[in-house]
Structure formats: C-alpha cells, structure tokens
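Asks: Let me begin by handing over the structure; questions about it come next.
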Amino acid sequence: PRSESSSFLFDIDQEIETKKSVYTNLVICAVMLNFTFVLWGLLQERMLTRRYPRLTGEYFTYSYALVFTNRFWTLIMSGMMMIYFKPRTSRSTVIYQYSFPSISNMLSSWCQYEALRYVSFPAVTLFKALKLAPVMLMGKLLGNQSYPQYDYIVAIFIGLGITMFMTSTDELTFDFDVYGEQTSAKWTGVMLLLFFLFFDSFTSQWQSRMFKRHRDLSMIELMFATSAFSTTLSLITLVHDGNLWPAFDFIRRHSEIQLHFFIFSLCSTVGQLFIFYTIKNFGAVVFAMIMTTRVLISIALSVALYDHKVTSTGFFGLAVVVAAVCYRIKRKAEGRQLIKWKGMGEKSEKEIELVQEWHEHIDT
C-alpha cells in the first residue's frame, strides 16, 4: 500500500480532516516555507558576499561547493524517501535522460550564486520572477505548450518592474565585483542571471516532458536520479578545477561558516519537504501565494541586514512586479476553491504541476 500511495506524497487524510485542522496545517506550511527559504537566502548572501571573519577576513569564493552541498543533501533526502515510500520504478526511462536536467540544474544554481558577486541579493531575488518568460519559451520549444494571454502580459510587466528596480540601485556595478576585483566584461551579473533563467526553465520543461513520456515515472525517483547525477558531476567539477581542497580548508579554518553550511543545507532539505506537502495538499495557487510573501520578506530583511540602497523608483519597480505576480495568481485561482476540507487534495494531481511550481518559485 505504501508504494501505491508514494506518488501522492504527504497527502492529508481527506476523510477525517476538519476545517480547523486544515487551516492549522496551512499555517504551519506557510510559516515553515517562509522561515526555511528566507533564512536559506540570507545565508546564501552572507556566505558569498561577506568576509570570514567579519570585516577583516577573507571571502568564500567557491560557489560550486554550495551547489555540491545542496545536491548531496537532496540525494540523501530522496534516497531516504525511496527506501521509506518504495515508489514504483520506471522501466521506460533510459538512465542518460536524467543527466540533461541534472547538468542544467547545476549550471542554473552556479549562475545564481555567481551573480551575487555583481548584483545585490534583492535584485537577484526579484529577477527570478522573470522565470515566467523563458519557461513559456521552453514550453513552446520542448513541449509545444500553449499559455493564456494574461501570462504574456504579466511577463512584460514583470520585465518592466525588474528593469526599474535593477537600474535604480546604486549597487549594480558593471566593472567591479563584490570582492572589489575588476571584471573583464560589463554586464556580467545580468548575463549570469539570464543564463540562470535559461538553464532553470530548461530543467523544469525537460522534467515535465519526462513525466508526459514516461507514465510510470514517480517524482521521488526523478529527484533521486537527478540529484545522484548532480552530486557526482559537481564533485568531479570541484576536483577538476582544484577547488575541492581549498573549499574544504576554508570551511575547516572558519567555524562560523561551518554553522552556516549546516543551517543552509538543513533549510534547503526541510524546505523541499514542505514544498511537496504544500503543493500536494493545497495546490499550486496557494503555494504561489506563500512564496510571493517569501520574496517580499527576503528582500526586506536583506535590505535591512546588509544595508542595500533602494530608491523610490526601485520600490515602484518592486510594486509593479508584485502586482503582476498577484494578478497572475488571481487569474489562476479563478473558478477554484483554494482551501478545502473533507475532500481536499484530489489524488489526480500530477507530478508535472509539482515540477513546474518547484522550479518557478524555488532555486536550490
């Protein structure tokens, strides 16, 4: 019975759940998703843009070590799920197919981390809202998908808002990185973010295509296989570039970053479990609402803690992006009952929706 229900991971028992308990579960999900991913983002900025020890120390410049750490803990988590839930094993997939989303996922994460050297964390966080445009493009190319007209309008307004936000901040430098080193090319940070959007949209659309072509493929198996590829490939990359020992030595010498690495990995792992639970039981629209709140909290805390300068034009651009995202959520919610009890969580929900929402709102 467990293997049969594994594709409906963490479903609420719809026969016995009351209105009060459903709302309680929803509040817990909202709090945990915001807490884990806001803290995850703040630690990401701390580790990649600040010195160890503070003010007088050295920078941690090995961003690929973060990629390896995240993929390694995801591998452990998905491996434990494979053992506990015993999902069905796909017999129609070929092992090399998992390598494509693994490589693109690694590259998208690396581009995101490296972009923090040139662009402020609030700008990077807001820029991710532009994922909608490349996701639609990849959907057209890989799956011949169609999208409602309002998605195109929303994408345009998100682009305008992000442009206003990024051009108004005085931290968007094009000749020097956060470490004070002169760069060889202008617009490096913006280019890294564009590559991030490209690779991440390819990852989500390729995985969605795999689910459509291989009906016996489960989400847990996909996560385990892609994280196994990613862990191995990122480790090989660290060894090949000669960064494995320097990164390990840096972590060994600085006790503060040891704690940061542990909490960073813990937040990523626990947060991913709550993504599963929330989307499976409350749907994509409720999840999108929660993660939109997370974006605002992350930007506000980053501005407060790290003293980023945002002008009135920047705040207006932020408002435009949030309004466009909220409008899209409203349109997606039309005709749906957002929160249900005693019958909530229809088990016909497909893993495709889970993959698409995962990549639209989360970047680990």
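Asks: Between residue 51 and residue 91, 0.36 nm times their residue separation minus their Cα-Cα distance comes to what?
Replies: Additional length available on full extension: 9.5 nm.
Asks: What nm distance separates the two modelled labels at residue 307 and residue 160, each placed 7 Å from Cα along Cα→Cβ?
Replies: For residue 307 paired with residue 160, the spin-label model returns 3.5 nm.
Asks: Considering only protein heavy atoms, what is the solvent-accessible area of residue 296 at a probe of 1.4 Å, reported in Å² to the nearest 10?
Replies: 70 Å²
Asks: Rounded to the nearest 0.05, what FRET efficiency do residue 332 and residue 100 have when you use their Cβ-Cβ distance and R0 = 25 Å?
Replies: 0.30
Asks: Separate question: Mind ordering 316-327, 21-32, 270-281 by average Cβ neighbours within 10 Å, highest first?
Replies: Listed from highest to lowest mean packing, they are 270-281, 316-327, 21-32.
Asks: Let me ask you something else. Past the 28 Å Cα-Cα mark, which pairs from 86/332; 20/131; 20/212; 19/212; 309/330; 212/280?
Replies: Numbers: 86/332 34 Å; 20/131 35 Å; 20/212 36 Å; 19/212 34 Å; 309/330 31 Å; 212/280 18 Å.
Pairs exceeding the cut-off: 86/332; 20/131; 20/212; 19/212; 309/330.
Asks: Mind checking the full-extension length gain between residue 213 and residue 194? Use 0.36 nm per residue of separation minus the Cα-Cα distance, one decimal, nm. Present the calculation step by step, with values, prior to reporting the outcome.
Replies: On the way: separation 19, 0.36 × 19 = 6.84 nm, distance 2.86 nm.
Length gained between residue 213 and residue 194: 4.0 nm.
Asks: Still on this structure, please answer the following. Once you have the Cα-Cα distance between residue 273 and residue 239, take 0.36 nm times their residue separation minus that, and quote the gain in nm to one decimal. Don't skip to the end; give the middle numbers.
Replies: On the way: separation 34, 0.36 × 34 = 12.24 nm, distance 3.01 nm.
Computed gain between residue 273 and residue 239 is 9.2 nm.
Asks: According to the Kirkwood expression over distinct Cα-Cα pairs, how big is the hydrodynamic radius of the range 37-81, in Å?
Replies: After inverting the mean inverse Cα-Cα distance, the result is 11.9 Å.
The values are calculated or read from the model by the stated rules, or taken from the named source; none is laboratory data. It should be emphasised that the depicted structure is a prediction, and the values quoted were computed from it without experimental measurement. In this analysis, Cβ positions are derived from the backbone assuming ideal geometry, glycine residues included, and neighbour counts consider all displayed protein chains. All accessible areas refer to the heavy atoms of the entire protein, side chains included, with ligands and DNA or RNA removed. Shrake-Rupley method; radii C 1.70, N 1.55, O 1.52, S 1.80 Å.
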